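The values are calculated or read from the model by the stated rules, or taken from the named source; none is laboratory data. All figures in this text were calculated on a predicted structure; none of them were measured in a lab. Reconstructed Cβ throughout: ideal geometry from the backbone, glycine too, with neighbour counts over all protein chains shown. For accessibility, only protein heavy atoms count, side chains too; no ligands or nucleic acids. Shrake-Rupley method; radii C 1.70, N 1.55, O 1.52, S 1.80 Å.
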Amino acid sequence: MNLEFTAEENAFRDEVRSFIENNYPKHIQGKNMQDEMSREELTAWYKILGEKGWSVPAWPVEYGGTGWTPTERYIWSEENARVNAIMPLPFGVSMVGPVIYTFGNEEQKAKHLPGIRSGDVWWCQGYSEPGAGSDLASLKTTAVRDGDHYIINGQKTWTTLAQHADWGFFLCRTDPDAPKQQQGISFILVDMNTPGIEVRPIKLVDGGHEVNEVWLTDVRVPVENRVGEENKGWTYAKFLLAHERSGIAGVARSKRGVEQLKDIASKEMLDGKPLIEDMGFARKISQLEIDLAALEITELRTLAGEQAGKGPGPESSLLKVKGTEIQQRLTELTLEAVGNYGMPDFRSFPEDGSNDFPIGPDYAHGASSTYFNMRKTSIYGGSNEIQRNIITKMVLGL
Ligand SMILES: Cc1cc2nc3c(=O)[nH]c(=O)nc-3n(C[C@H](O)[C@H](O)[C@H](O)COP(=O)(O)OP(=O)(O)OC[C@H]3O[C@@H](n4cnc5c(N)ncnc54)[C@H](O)[C@@H]3O)c2cc1C
């Protein structure tokens with residue numbers, strides 16, 4: 001693959017850069033995904049992109065995709081990462097959206113795709129349960145037919161940002177007697193305002209509210225909300241996971257993170273010299289950059305494959321493992337670089353208007369909370385150990 005950008009691609013970069021500069025909402029500038037934000041803040045950029053027609057670049061053009069080449073999509077991610085943009089949420093855009101336009105019927109496409117494109121409808125992912133994470137196929141939430149409805153009962157957990165969700169996609173057991181667990185599961189779209197649904201927050205150690213338990217008690221859902229065939233939900237669930245995992249790699253964002261790390265390391269001092277001149281630390285940064293460059297090429301290959309009509313398959317597990325390892329190493333090195341100044345939790349800092357300021361340089365604030373928060377990345381989307389099992393079987397054929 002040729003990594004030199006053409007004149008057209010450079011012109012495209014100029015176009016998207018100036019669009020971002022002129023339209024990225026001022027009130028969310030400088031915010032990170034780790035910050036506690038309102039629904040309005042989390043969807044502000046998403047909605048602007050929806051109006052522009054740029055919220056779902058990877059979708060087929062007939063469903064609202066931009067038709068950008070893999071390189072253009074790559075440039076798009078890089079330009080957004082440059083300003084640390086709060087991007088459209090993945091639950092609709094890169095998870096349930098592709099399932100609906102690939103396996104859904106015409107009514108489902110007409111009903112759900114516009115709200116995902118515009119950013120008006122918030123989705124959540126109801127896969128994991130207290131006893132079913134890595135072993136997802138053992139899930140126990142049931143959907144029992146009652147005329148033209150399903151009655152759903154069970155409990156989901158770790159449901160990210162479900163407190164804002166209008167709709168959820170749930171994996172439910174519809175045939176408890178199927179010979180294999182995977183054969184008795186259906187993929188059902190649920191309006192989160194249906195009676196019988198209770199969303200309970202799981203408070204994190206830093207006080208954040210990022211994940212929830214979702215309890216379902218006698219929730220009546222029309223059968224027409226099932227995507228595809230009854231008991232074939234595992235196929236759609238795996239398709240979705242491949243999309244989810246390739247999206248977790250976050251190469252553009254890590255590249256920006258490395259630049260910030262280098263900047264920090266050139267300001268922090270060790271034994272009278274900038275930290276970046278310390279051989280040991282410089283070597284760690286170089287190793288990170290080498291691994292990131294290798295990941296970047298792998299991601300570009302996957303994007304090129306998608307362009308050629310080959311959806312992300314088990315190789316997305318590779319992107320997930322390497323991408324999340326790099327994200328975690330980046331936060332470790334940042335914490336190492338800022339030392340003690342990284343320790344205070346940014347949530348404990350005084351509100352605006354106080355004359356009591358946090359200590360240390362601005363770039364150190366939040367280093368420890370980001371470090372701890374990013375531990376999640378090797379767990380969510382399917383843990384990295386499980387991804388290695390998938391690579392072993394499906395990619396290496398062992
Ligand atoms: C921040 C966060 C957000 C999440 N958001 C969502 C969400 O929105 N929706 C949703 O449905 N789920 C969500 N999840 C759940 C996530 O997908 C699961 O946590 C993950 O799949 C692991 O499952 P588990 O937590 O049950 O751990 P377990 O499956 O109990 O695993 C525990 C440990 O054992 C290891 N392990 C288990 N089996 C094997 C094996 N066969 N071989 C080797 N090692 C193994 C695992 O790697 C892990 O280290 C989220 C999780 C987190 C942390």
*residue 265: net charge of surrounding residues, Cβ under 10 Å, Lys/Arg +1, Asp/Glu -1, itself excluded?*
-2
*Per-bin percent of Cα-Cα distances, region 213-322 [5 Å]*: 2, 10, 14, 13, 12, 10, 10, 9, 7, 5, 4, 3, 2, 0
*asked:* Multiplying the sequence separation of residue 177 and residue 224 by 0.36 nm and subtracting their Cα-Cα distance, what value in nm do you get?
replied: 14.6 nm
_Output the 0 to 90 degree angle, nearest 10, between the alpha-carbon long axis of helix 7-23 and the longest principal axis computed from the alpha carbons of the chain._
90
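For a protection proxy built on the mean count of beta-carbon atoms within 10 angstrom, sort 212-218, 7-13 highest first, please. The partial results should precede the final answer.
Details: 212-218: 18.3, 7-13: 12.9.
Peptide ranking by packing, descending: 212-218, 7-13.
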*Provide the net charge surrounding residue 92, with neighbours chosen by a C-beta distance below 11 Å and charges set as Lys +1, Arg +1, Asp -1, Glu -1.*
-1
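Over the chain, what is the mean sequence separation of C-alpha contacts under 8 Å (at least six apart), divided by residue count, expressed as relative contact order in percent? Spell out each step's value before the answer.
Details: 617 pairs, mean separation 50.2, N = 398.
Relative contact order comes out at 13 percent.
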*Taking amide hydrogens as modeled 1.01 Å from N in the peptide plane, which residues meet the under 5 Å criterion relative to residue 226, leaving out close sequence neighbours?*
189
*Paired Rg and Dmax values of region 7-60, which use every Cα atom, in angstrom*: 13.0, 40
*For the chain, with a Gaussian network of springs between Cα atoms less than 10 Å apart, report the residue from 249, 308, 58 with the top mean-square fluctuation.*
308
*Hey, can you find the accessible area per residue of the chain for me, probe 1.4 Å, expressed in square angstrom?*
48
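In this model, which of 238/393; 262/284; 255/320; 26/267; 320/393 are farther than 19 Å apart at the alpha-carbon? All intermediate terms of the calculation are to be shown ahead of the outcome.
Numbers: 238/393 15 Å; 262/284 11 Å; 255/320 16 Å; 26/267 28 Å; 320/393 16 Å.
From the list (238/393; 262/284; 255/320; 26/267; 320/393), the Cα-Cα distance tops 19 Å for 26/267.
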*For region 271-329, what is the largest minus smallest coordinate of the Cα atoms on each principal axis, given in angstrom and ordered from greatest to least?*
55, 17, 10
*Lys/Arg Cβ at +1, Asp/Glu Cβ at -1, dipole of the chain taken about the Cα centre: which of 60, 130, 331 is farthest positive-ward?*
130
*Using the eigenvalues of the Cα gyration tensor, what equivalent ellipsoid semi-axes result for region 1-113 when each is taken as the square root of five times the eigenvalue, whole Å, largest first?*
24, 21, 11
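Just round it to a whole percent: the fraction of Cα-Cα distances in region 249-388 exceeding 19 Å. Mind showing how you got there, number by number?
On the way: 5665 of 9730 pairs.
Distances greater than 19 Å cover 58 percent of the Cα pairs.
Taking 0.36 nm per residue of separation and subtracting the Cα-Cα distance, what length does fully extending residue 62 through residue 332 add? Before the final figure, lay out each step's value.
Details: separation 270, 0.36 × 270 = 97.20 nm, distance 4.29 nm.
Taking 0.36 nm per residue and subtracting the Cα distance, the gain is 92.9 nm.
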*Can you give the net charge of the other residues whose Cβ lies under 15 Å from the Cβ of residue 14, counting K and R as +1 and D and E as -1?*
-4
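Applying 1/(1 + (r/R0)^6) with R0 = 25 Å to the Cβ-Cβ distance of residue 69 and residue 18, what FRET efficiency is obtained, to the nearest 0.05? Spell out each step's value before the answer.
Values: r = 20 Å, r/R0 = 0.79.
Rounded to the nearest 0.05, the efficiency is 0.80.
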*Considering only protein heavy atoms and a 1.4 Å probe, what is the carbon-and-sulfur percentage of the accessible area of the chain?*
52
*Which value, in Å³ per residue, describes the convex hull spanned by the Cα atoms of region 107-222?*
116
*Mind giving me the nanometre distance, one decimal, between the label points for residue 393 and residue 32, set 7 Å out from Cα along Cα→Cβ?*
3.6
*Report the extension gain between residue 191 and residue 204 in nm, rounded to one decimal, defined as 0.36 nm multiplied by the number of residues separating them, less their alpha carbon distance.*
2.1 nm
*If r is the Cβ-Cβ distance from residue 47 to residue 263 and R0 is 41 Å, what FRET efficiency results, to the nearest 0.05?*
0.80
*Rule-of-thumb Rg ratio for the chain [Cα; 2.2 N^0.38 Å; N residues]*: 1.03
*So what's the angle, to the nearest 10 degrees on a 0 to 90 scale, between helix 39-52 and the longest Cα principal axis of the chain?*
80
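Lysine pairs in region 88-195 with alpha-carbon atoms under 26 Å apart, 8 or more places apart or on different chains: how many are there? List each step's numbers first, then the result.
Values: 109/156; 111/156; 140/156; 140/180; 156/180.
Close lysine pairs found across region 88-195: 5.
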